[in-house]
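A short reminder: the numbers here are calculations on the coordinates, not readings from a lab. Computed from a prediction, not measured in an experiment: that's the story for all the values here. Note: ideal-geometry Cβ built from the backbone for every residue, glycine included; neighbour counts use all protein chains shown.
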Amino acid sequence: MHNSRGTALAIALILSLVLTIIVAVGTRLIVTSFKNTKNQQHLSAEVDNISRSGLVDAIAWFKRQSIQPVKSGVPYTRYAWADGAFDPRYSTDTAHCDTIDPSIGIVKEYQLSEDGLIWGRYEVKRQTNTTVAAYDVNAVHDVSGERLYSGEQNGNGYVWAISSKGYIYRKRNVAAAFNVAPNKVISTSRVSTEIRRISLTIQVPCAVIVSNGGTNGSRKVTVNAKGRIDGGTYGCGRASGSAPSINAAATVTGTTAASNPSSFYLDDHTVPYVLGVSTAELRILSDYMVPDVASLPAELPDMSLIYISGDAVFTVAHPLRSSGILFVQGNLTISVGSNSTYSGLIYVTGTATINDPAYISGCVVAYGGLTLSRSGATDVAEIQYDAGILDMVRQQICQYREMKSTYRVSTGLSEMQ
């Protein structure tokens, strides 16, 4: 009996010890697994940021080129293939250095850990001449001919597909390549996107453009008391398919004040003609895409692309005071007393009603018709053609913009050693 009790006690002690060991090992495995998971999440996020930095660098490279758009067909260049215009160069002057390895494309490296062992790297690859080298699907490509409606060709530089690969690697030998032992790649990520330029095409310098067609006031220009349309020294006041209605107390001036130039084809001033992209594409490229004016910030930023997907009514409480490109997919109303001022291009797919006081410099395309001022106006509502403002819009807004819908990410991880 005594031996049985001793045996049972020994077994209980052994089981308790085993259970303690199992719990300790299990706890350690859980902690280790948790740490590994957190480490992988950290690596994944960090390497995605590294590859994204490559995209940002590449887009900045396109924007700062002196010839726009960046294309292979520019005279006096050596590029005989569509993608050749993307050609980052190395320089000992860091301020003018695009890359550390021009044979690849845009390549940058930087230290991540304080001990100097962990490094980040990104590569945005350049497509070399396909007559002497294989086509690289992950290189930067001009895809203008595949994206644009107007029969553009690859090589014209309007749309570029960009892919950037990011690396996190352990540097054990500074003399060896980043991916050659004893150096080891820990994590990789590839991100891709497309960039495209917005055009701003006005066939003839003009303050106001209204589409051809329509009768009984449809698609025409009406200028009421104290309304002013000024085409300036080099532009016409307005262009529309039907005779304007101009109040005796209103003025329309310009080199061809209230008449259409014979070469002016009003129905060509569709969204793709004027802006070089479709309405759907413009939504994606915009800085603000909102359903109405109430959804916009109280203070609008200057030189921005604003897309309003419905009727837009600017009021005293929410006036139109900004610059850039305002696109309204609907009707535009600038209410009495709003004291609105705008510089740039306003494009309205419906009708535009602009009341006093208001001052717009640049150009207004009111495809469905324009009513400027009102019969009992007490102040001036003016639209003035300004080529300088439109050029500024081309320089600051129509540069390459990222197509957000085409952004893609893929990440891969290996064990940390």
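Numerical summary
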item: Order of Y110, Y342, Y79 under a 10 Å beta carbon neighbour criterion, fewest first; result: Y110, Y79, Y342
item: R0 of 45 Å, Cβ-Cβ distance S245-Q153: FRET efficiency to nearest 0.05; result: 0.50
item: Linear extension gain, I100 paired with A294, 0.36 nm per residue minus alpha-carbon span; result: 65.0 nm
item: Order of V223, V271, V70 under a 10 Å beta carbon neighbour criterion, fewest first; result: V271, V70, V223
item: Pairwise FRET efficiency - A80 versus L117, Cβ, R0 = 45 Å, nearest 0.05; result: 0.55
item: Full-stretch length increase - K63, D268 - with 0.36 nm per residue and alpha-carbon distance subtracted; result: 70.9 nm
item: Around N183: net Lys/Arg minus Asp/Glu count, Cβ-Cβ under 10 Å; result: +4
item: Residues in the range 267-284 that a label on Q203 would reach, taking backbone N under 13 Å of a point 7 Å out along Cα→Cβ; result: 267-271, 273-274
item: Within-9-Å neighbourhood charge of S322 [Cβ basis; K, R +1; D, E -1]; result: -1
item: Derived scalar couplings ³J(HN,Hα) [the range 44-57; Karplus, 6.51 cos²θ - 1.76 cosθ + 1.60; whole Hz; x for Gly, Pro]; result: 4, 5, 5, 5, 5, 5, 5, 5, 5, 4, x, 4, 4, 5
item: Neighbour-limited loop hits for trypsin sites (Lys or Arg not before Pro), the range 162-199 (at most 15 other Cβ within 10 Å; DSSP other than H, G, I, E, B); result: R172
item: Ascending count of other beta-carbon atoms within 10 Å, so fewest first, for E299, E146, E46; result: E299, E146, E46
item: Spacing of the two label points (7 Å from each Cα toward its C-beta) at A387 and A176, in nm; result: 6.3 nm
item: Alpha carbon centroid spacing (whole Å) that separates the range 190-204 from the range 106-183; result: 22 Å
item: A12/N49 FRET efficiency (R0 45 Å; Cβ-Cβ; nearest 0.05); result: 0.25
